[in-house]
Every structure is written in structure tokens, then in C-alpha cells.
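Engineer: What follows is a structure written as C-alpha cells; I'll ask about it next.
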Amino acid sequence: MILPPEHGMVCLTFDDGRYTEWLAQLSLFAEYDAHATFFYNGIPDKAALDSMKQLRSAGHAVGIHTVHHKDADGMTAENGNDYLQNEIFPQLEAMKQAGIEANYFAYPNNARTAYSEQVMGRYFRHCRAGLLPSPEKGFRIADQPQAFLAFEDIAGTLTLGGCGLGEYYASTNDNLDAALEHAAGENKLIVFFSHGISVNPGPVDTGVDMLRHLLQKASEMGMRLVSMDELP
């Protein structure tokens, strides 16, 4: 049984299969007793599967991000099976053969439709998309009601909308602090997404310093730092 939080929750997610960078930060996550969810694209080879097992053994969750990073917003009743056969099932089968559960899916480029949601709900417990891929200057996460989700609504929500971490997403430390304070004050979940984790991050990646800042701030406020495995 997953108990309700007292000071809100943070669910960090990373995608695009940048697992060498993710594994390099396992000690940083452990320092703050933080778990995250990592999504892979491509058909996972032995190295990728081994990295999934390593992440899971450290308490993190893993999921899929399609074979070819293909958007799902063109998925219809006429071509939905083709999308599943080409983008979803090969990843699921490779993970199944390796004994790795894949209960979570991250939409490439956050693109989805009502039909894709209907289909993905058959295979995954939660999916992840993004709220605003390129916020305008001055964008504040704390001012976006859709960025926060009450605990009692999580189980009934298939797709969780995350906010980006990285220069491209206007996620300064001040912006993140305000968002965390809002989530903690309202005792709600906030989801973040990014890609790589590096000391020299690209615009859509998370810097190590920013990640440490976020983990430390959330920990100081008593927030849970959870993977999707730890959500209802």
C-alpha cells in the first residue's frame, strides 16, 4: 500500500536512453534517497538491458520510449496496430526476455491523441508526456495548475504531464524552487522530464548542479523523491 505524502512528491523522469550518463549519477540519487524513472528508445541490446537492471537494483524504474522515437499523434484506429508492432512491441519483448518489467511509456516529443491514450492504457500503468516543451521567457511552473496533481487523482490518471529540466525549458533554480514550494505546500505531485545528465548539459539536458539543487531543495522540504513504481 502506497501511503499519501505529507509534503508532496517529485517524480523525476529521463528519456532517450542516455543510460551511461544516468548510471554515472547513481551515487547522487542515493545521497538523497531519490528514485527516478528512465525511458529507453531503440530495441535494447545487452548493454542497455544490463543498465536497466542496474537502475532497477538501485530502486529506480524503467520504461520505454519507442523504437524509432516516432510520435504517436498520428496513431489512429487504421494504423494503430502498425505503431504498436513497429514502435512498442519490440521493446516490450526484449525487456520481457530479460525479465524486466516495462509498465511505463514516455511519449516522444510529448505527442499524443485521445486514441493513443486509449491504446496505451492497455499496456502501461502510467505514461508520461510534457506540458509545455518550450515555455516563453518568464514562464513559471508554479503558475501552471496542470503541473500539479493531487495524490488521490494519480491512480486514475494514465498520462502524467511533466515540466522540462534544462535551458530550453526555462528551468532556472528560482523557477524550480517556486514549483517545489508550491507542490510541497499543496501536498501534490510534480513530474519533471529531461534527457541526459551532465556537467556540460545540452539545452534539453539536466546539469549535475541543477539536479543536485533540486534534490537538495526537495529533501529539505520533506518531499518524497519517487519513481513511477512508487506512485498509485
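The values are calculated or read from the model by the stated rules, or taken from the named source; none is laboratory data. Remember, predicted model here, so these are calculated numbers, not experimental data. For neighbour counting, all protein chains shown are included, and Cβ atoms are generated from backbone atoms with ideal geometry for every residue, glycine included. Ligands, DNA and RNA are excluded from the accessible area calculation, which covers all protein heavy atoms including side chains. Shrake-Rupley method; radii C 1.70, N 1.55, O 1.52, S 1.80 Å.
Engineer: When GLY202 is evaluated against the numbered criteria (1) more than 21 Å from GLU230 (Cβ to Cβ); (2) open to solvent by 40 Å² or more (accessible area, probe 1.4 Å); (3) part of a loop (DSSP other than H, G, I, E, B), which criterion, by number, is the only one it fails?
Structural biologist: (2)
Engineer: Quick one: in the stretch 99-119, of everything that is over 21 Å from ALA36 (Cα atoms) and hydrophobic (A, V, I, L, M, F, W, C), which residue is surrounded by the fewest Cβ atoms within 10 Å (Cβ to Cβ)?
Structural biologist: Checked the stretch 99-119; the qualifying residue surrounded by the fewest Cβ atoms within 10 Å (Cβ to Cβ) is ALA114.
Engineer: Sticking with this structure for a sec: Hey, can you tell me all the residues within the stretch 22-42 that are open to solvent by 50 Å² or more (accessible area, probe 1.4 Å) and either among the aromatic types (Phe, Trp, Tyr) or farther than 23 Å from GLY161 by Cβ (or both)?
Structural biologist: Of everything in the stretch 22-42, those that are open to solvent by 50 Å² or more (accessible area, probe 1.4 Å) and either among the aromatic types (Phe, Trp, Tyr) or farther than 23 Å from GLY161 by Cβ (or both) turn out to be ALA24, SER27, ALA30, GLU31, ASP33.
Engineer: Mind listing whichever residues of the stretch 84-98 are surrounded by fewer than 20 Cβ atoms within 10 Å (Cβ to Cβ) and either more than 20 Å from SER51 (Cβ to Cβ) or of a type in the set (Gly, Ala, Ser) (or both)?
Structural biologist: The answer is LEU84, GLN85, ASN86, PHE89, ALA98.
Engineer: Among the residues of the stretch 171-197, which ones are open to solvent by 30 Å² or more (accessible area, probe 1.4 Å) and either hydroxyl-bearing (Ser, Thr, Tyr) or not in a helix (DSSP H, G or I) (or both)?
Structural biologist: Across the stretch 171-197, the qualifying residues are THR172, ASN187, LYS188.
Engineer: Still on this structure: In the stretch 145-170, which residues are assigned to a loop (DSSP other than H, G, I, E, B) and in contact (Cβ under 8 Å) with a residue 40 or more places away in the chain? Please lay out each step first, then the result.
Structural biologist: Here is the first cut: in the stretch 145-170, the residues assigned to a loop (DSSP other than H, G, I, E, B) are 155-158, 165-166, 170.
Listed by number, the residues that qualify are ALA155, LEU158, LEU165, GLY166.
Engineer: Could you please find all residues in the stretch 43-76 being within 21 Å of PHE193 (Cβ to Cβ), out of contact with any helix residue (DSSP H, G or I) (no Cβ under 6 Å at 6 or more places or on another chain), open to solvent by 20 Å² or more (accessible area, probe 1.4 Å) and in contact (Cβ under 8 Å) with a residue 40 or more places away in the chain?
Structural biologist: ARG56, GLY59, ASP73
Engineer: Identify, by number, the condition in (1) under 11 Å from the mean Cα position of the chain (by Cα); (2) assigned to a helix (DSSP H, G or I) that PHE39 doesn't meet.
Structural biologist: (2)
Engineer: Can you name every residue in the stretch 143-164 that is at pLDDT 95 or above and either open to solvent by less than 40 Å² (accessible area, probe 1.4 Å) or under 15 Å from the mean Cα position of the chain (by Cα) (or both)?
Structural biologist: Correct list: PHE148, LEU149, ALA150, PHE151, ILE154, THR157, LEU158, THR159, LEU160.
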